[in-house]
Structures are given as structure tokens and as C-alpha cells.
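S.K.: Quick one: this structure, given as C-alpha cells, is what I'll be asking you about.
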Amino acid sequence: MNDYISTRDAHQSVSSKQAILNGISPDGGLYVLPGLDQIHLDLSLICSKSYKENAVYILSHLLTDYSIDELSMCVENAYSNSFSKEEITPVKKVDDVYVLELFHGPTCAFKDVALTLLPQLMSCALKSTNQKALILTATSGDTGKAALSGFCDVDNIGINVFYPYKKVSAIQYRQMVTQKGKNVKVFGIQGNFDDAQSQVKRLFLDEELNAYCAKQNVMLTSANSINVGRLVPQIVYYFDSYKQLVQQGVIQVGDKVSFSVPTGNFGDVLAGYYAYLMGLPVEKFYVASNANRVLTDFLTSGIYDRNRDFIQTISPSMDILISSNLERLLYYASNKDTQKVAGWMQELNEKGRYQVDEQTFETIKNLFACASVDDNGTRQEIHDVYEKTKYLLDPHSAIAYKVAKDNAGRPVVSLATASPYKFSQDVLKALNINEENEWVAMDELSKYCQDVIPVQLKELRDLAILHNQVIDVDSMKDVVCQSTQEVFHD
């Protein structure tokens, strides 16, 4: 059985089921699989399988204490009748770029691919314990709704979602605050995403809170990509996109491709890096950032520095200054040196910055390139791509597309992470149409593009708001205690 360890301490070792239930290591580190780079998947076999078959095949190498029957059941429950496209994540050629569409799930965002599966994996893991789980999740927009949808009314699991108040799109807000379910709670936070995420991490390590929950037989865990069960399902669509390029005759098995990924918390591009370590032939990962270019600066200088102004942009899911999953890349790029990683994370916590050593930085630069696109550039890209191809990009996918287009050599796969209808006002503005009302904007965008609004977005306007509580960061612990009582004992 392959055990997971902490990025900060190799002696913190747990099974994959326990890693998924824990969410984060007790020392504050993230769970990683030391032998990940020793796994070599059969590309030819992957190119002959369906998405669901590949999910079971790939996850069986990563979650080794799940039986094949358990994984098959989890995958079947997650992906049957929940995605509008048979391929789950289809690849479309748009001009010279291959767009990997990740938004055909129940909430029209890429998080659906993992957050339809994570509840199944977590429920399966809970069966071997007598505990209940309360999920604490900070969101910059899309994770919140996808997690709420995935965990709604799941037995023995409750979920609290914290989003930055007035810093998500109007549609993202409506998606979260209209969520039904007896086990779900949604809270607006006075602050930004980093404030919410940092406090959630502190709560996981809060001894008093954990003791309080333990007395009620409840454990705290996460649905963010800091949870390995959220991260590993995303590996599948990197391999599946490669399979589709082979099947379309674009490449042959063994040829290298590149990926351009819109990036905030570094989870999505990290999943691609995991695929690379497991044998996916990759030339480059292009880390595409918005005006919050903390990752662009890191990949250019080797210095990570969050001591800067937070910029609110039209791509809110990327408005992040603390990219949590970068810690996992540092673990592998530093030759699995947990002591180095722990030191860097301590510096980040104390000083807000750190600088990696030259060897680690060279390892990263060999595979990762970067670029950032501001709001004006994002709008221009949405406009230009639609004018030329009639293909509509949302304000996150447009950033990745521009970076992919600017680096087109080998086949470049650009990840499209959300439906443009989730950001109708900003997409319309890019097309030179101003509309202040988000519902009218959605209709106008549909008419302009002669396209159909996803039904799960269209119905939002008629749903009642069920969660309207806005709190400060210091109140998060109190509401977690309160919801533990309400979700599991009322």
C-alpha cells in the first residue's frame, strides 16, 4: 500500500483514505505520494478506454487502499447522468489551439469533474470509520457551488462554504446562496479569498475546535484542492485530452503536447504536473495568470512574494495571492526535501515571501513557463476569438487561450474552466455591449451568439436566496461550532 506523507514532514504518513478524510496534515502540510514519479501508466491502453474507465485505471494507482470495485462504484455514481457531454471533457479545435472544455458538469465549472467524485470517495472512506465529517471550504467562486452541489444531502457529511463577499461574480453568488440541502451552510466573508482560505487552514489545526468536534464524533476536512481527493480526479482529464488528440489524428502516442492553464490556487495545473510525473508526454505547462501575477513573478524570479496589493478582476476565481498547491510542486521539484519545503512555508507565514534555491528553480523552469493577462487583454481576447471563430470564452479561459495562442508550436491544449454564461456581463462587455442586469445580460449573450443558456444557470433567477449571512473572519470558528450542532443534531 502506498502511503501519503506531508510536504513538511516525511514521518506524517497515512493511507489514501485517511488523507482524503483528513484533508490537511496535522503539521499544516499537504499530502503527497512520494512514489508518484515511479508510476508509469500505459498510454496506449489509456487511448483505447472511455473517460470513466480511465478514471478507475488512473485512480487505482493513486488511491491504493480503495478496491477496484469501490473506485468503479465511485466513478459510476459521479459521472453517470451528471455531465451534458458524453465525453465528460471534450476537446475542440479553435483556430490553432485545442480547447479542453471542462464546464459541462452540473455547475458549469471545471471543479465539477472532481467535486462530483470527491463526495463518493469520502463517503466510501467514512464507511470504515464510525465518524461524521464536516467540510470547511473557502472559495474564490466556483469551488463553493460545485462542492455544495456534490455534497448536498450526502449521509454523515456536512459542508460549510466561505466566499469573499461582493468579490465573486453575480452568477457565482446566486449559485451558492440558493443552494438547498439540510447539511449545507454558506457564509459571505468580509475580506478576500486569501483571508477565508488562511482562516480555514487555521481552523483545521485549531486544537480547541477539533476537540469540540471530536466529542460529537465529527472530523473536520476540506473540499478544496488542498485535499488530495479533490486533486487526483483532475489528473484524468489531462490524459483523456491526450487520448482525444491521438484519436483525432493530431498526434501519435508518445508525442509531446503543451498545456495552458488559467491559474489561481495552482491546483489545476498541478494535476497536469502529476500526470506528467506518471508518464504523460508534456513539453511545457504555461501558467496563465491575471493581474494578480504572483505566480508569474515567482516563475520568473524564483521569489514568491504575496506582499502586494490584491487586485479584483473580471476573472475572480484567479484572484488569489496565496497559491496553496504550489507547495506540492516545491516538494517534488526540491527532490522531495520536506525540510526545505517546511522552511519556505514558515517564511511565507512569517514574512509573506520566500526564495527557492537555484536547483529547485531550474527544475521548475525546465517544465513551467508563465504569462499574465490583465482585464483589458482578457476582454480583447474574448472579442477577437469570437470575431474570428464564433467561439465564446469566459474571462478565465480567455487568459489561458491567449497564452496558448502566443506559444503555439507543438499542439497546445488550453483549459476552458467555466461556461461564459457564468460571466455574461463581462463577456458581453468584451463584445462591446453594456448591460447592468446579470439576467438580461445572460439573455442578450444567448441572443447575440445564437446559443442556448445552460439550464442550471437559467433557472437561478427564480430560486430563493437561502443563505444571506455575512461574517468577519474571526467569526468563522463560532459558525463552524454552531453548524456542527445544526447539521448533525437538529
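The values are calculated or read from the model by the stated rules, or taken from the named source; none is laboratory data. Since this is a predicted model, take the numbers as computed values, not measurements. With ideal geometry, Cβ positions are generated from the backbone for all residues, glycine too; neighbour counts draw on all protein chains shown. Keep in mind that these areas ignore ligands, DNA and RNA; they rest on the heavy atoms of the full protein, side chains included. Shrake-Rupley method; radii C 1.70, N 1.55, O 1.52, S 1.80 Å.
S.K.: To the nearest 20 debye, what charge dipole does the range 62-201 have about its Cα centre, counting +1 at the Cβ of each Lys and Arg and -1 at the Cβ of each Asp and Glu? The partial results should precede the final answer.
M.R.: Numbers: 14 positive and 15 negative charges, 149 e Å.
Once rounded to the nearest 20, the dipole reads 720 debye.
S.K.: With each run of n ≥ 4 DSSP H residues scored as -39500 (n - 2.57), what mean residue ellipticity at 222 nm is computed for the chain after dividing by its residue count and rounding to the nearest 500 deg cm²/dmol?
M.R.: On the way: 23 runs with 217 residues, N = 490.
Helices in the chain give a 222 nm mean residue ellipticity of -12500 deg cm²/dmol.
S.K.: What does the net charge come to around residue 74 if you take all other residues with beta carbon closer than 14 Å to its beta carbon, with K and R at +1 and D and E at -1?
M.R.: Working: positive: 17, 52, 127, 230; negative: 53, 65, 69, 70, 76.
Result for the local shell: -1.
S.K.: Short version: what are the Cα gyration tensor semi-axes of the range 337-490, square root of 5 times each eigenvalue, largest first, in whole Å? All intermediate terms of the calculation are to be shown ahead of the outcome.
M.R.: Working: eigenvalues 246, 203, 35 Å².
Those come to 35, 32, 13 Å.
S.K.: Binning at 5 Å from 0, report for the range 305-394 what percent of all alpha-carbon pair distances ends up in each bin.
M.R.: 2, 11, 17, 17, 15, 13, 10, 8, 5, 2, 0
S.K.: When ranked by the protection proxy of mean other Cβ atoms within 10 Å per residue, highest first, what sequence do the peptides 220-226, 206-212 form?
M.R.: Details: 220-226: 25.4, 206-212: 13.1.
Ranked by mean Cβ neighbours within 10 Å, highest first: 220-226, 206-212.
S.K.: Additional query: Which loop-located GluC sites (Glu not before Pro) does the range 80-131 contain, where loop means any DSSP state but H, G, I, E or B and the Cβ has at most 11 other Cβ atoms within 10 Å? Walk me through the intermediate numbers first.
M.R.: Details: sites: 86, 87, 101; in loops: 86, 87.
Sparse-neighbourhood loop GluC sites (Glu not before Pro): 86.
S.K.: Now a separate question. Roughly how many nanometres apart are two label points built 7 Å out from the Cα toward the Cβ at residue 308 and residue 253?
M.R.: Each label point is offset 7 Å from its Cα along the Cβ direction, giving 4.3 nm.
S.K.: Please give the length that would be gained between residue 410 and residue 335 if that part of the chain were fully extended, namely 0.36 nm times their separation in residues minus their C-alpha to C-alpha distance (nm, one decimal).
M.R.: On the way: separation 75, 0.36 × 75 = 27.00 nm, distance 2.84 nm.
Computed gain between residue 410 and residue 335 is 24.2 nm.
S.K.: At 0.692 mPa s and 37 °C, plugging the Kirkwood radius over alpha-carbon pairs of the range 226-297 into Stokes-Einstein gives what diffusion coefficient in µm²/s? Don't jump to the answer; show the numbers that get you there.
M.R.: On the way: Rh = 13.0 Å.
In µm²/s, the coefficient rounds to 253.
S.K.: A further question on this structure: Per q in 0.06, 0.09 1/Å, what log10 I(q)/I(0) does a Debye calculation on the alpha-carbon atoms of the chain return?
M.R.: -0.24, -0.55
S.K.: Follow-up. What's the long-distance tail for the range 65-182, i.e. % of Cα pairs beyond 24 Å? Walk me through the numbers on the way to the answer.
M.R.: Working: 2331 of 6903 pairs.
Within the range 65-182, distances greater than 24 Å cover 34 percent of Cα pairs.
S.K.: Tell me, in nm to one decimal, what length is gained between residue 349 and residue 212 on full extension, where the rule is 0.36 nm per residue of separation less the Cα-Cα distance? Please list the in-between numbers first.
M.R.: Values: separation 137, 0.36 × 137 = 49.32 nm, distance 2.62 nm.
Extra length from residue 349 to residue 212 when fully extended: 46.7 nm.
S.K.: I'd like the accessible area for residue 40: 1.4 Å probe, protein heavy atoms, all chains in place, Å² to the nearest 10.
M.R.: The accessible area of residue 40 comes to roughly 130 Å².
S.K.: Give me the 1.4 Å probe accessible area per residue for the chain, excluding ligands and nucleic acids, in Å². Each step should come with its number before you reach the end.
M.R.: Working: 18170 Å² over 490 residues.
I get 37 Å² per residue for this part.
S.K.: Continuing with the same structure: Within the accessible area of the range 269-420, what % is carbon and sulfur when the probe is 1.4 Å and the other protein chains stay in place?
M.R.: On the way: 2210 of 5450 Å².
Taking all protein chains in place, the range 269-420 shows 41 percent carbon and sulfur surface.
S.K.: On to the next question. Can you pull the Rg over Rh of the range 431-484, Cα-only, Kirkwood? Mind dumping the intermediate values first?
M.R.: Working: Rg = 17.8 Å, Rh = 14.5 Å.
Using Cα coordinates only, the ratio equals 1.23.
S.K.: Quick one, what does Rg over Rh come out to for the range 373-432 if you take C-alpha atoms and the Kirkwood Rh?
M.R.: On the way: Rg = 10.8 Å, Rh = 11.4 Å.
Here Rg/Rh amounts to 0.95.
S.K.: Calculate, in nm to one decimal, what residue 301 and residue 357 gain on full extension: separation in residues at 0.36 nm each, minus their alpha carbon distance.
M.R.: Extending this stretch completely gives an extra 19.1 nm.
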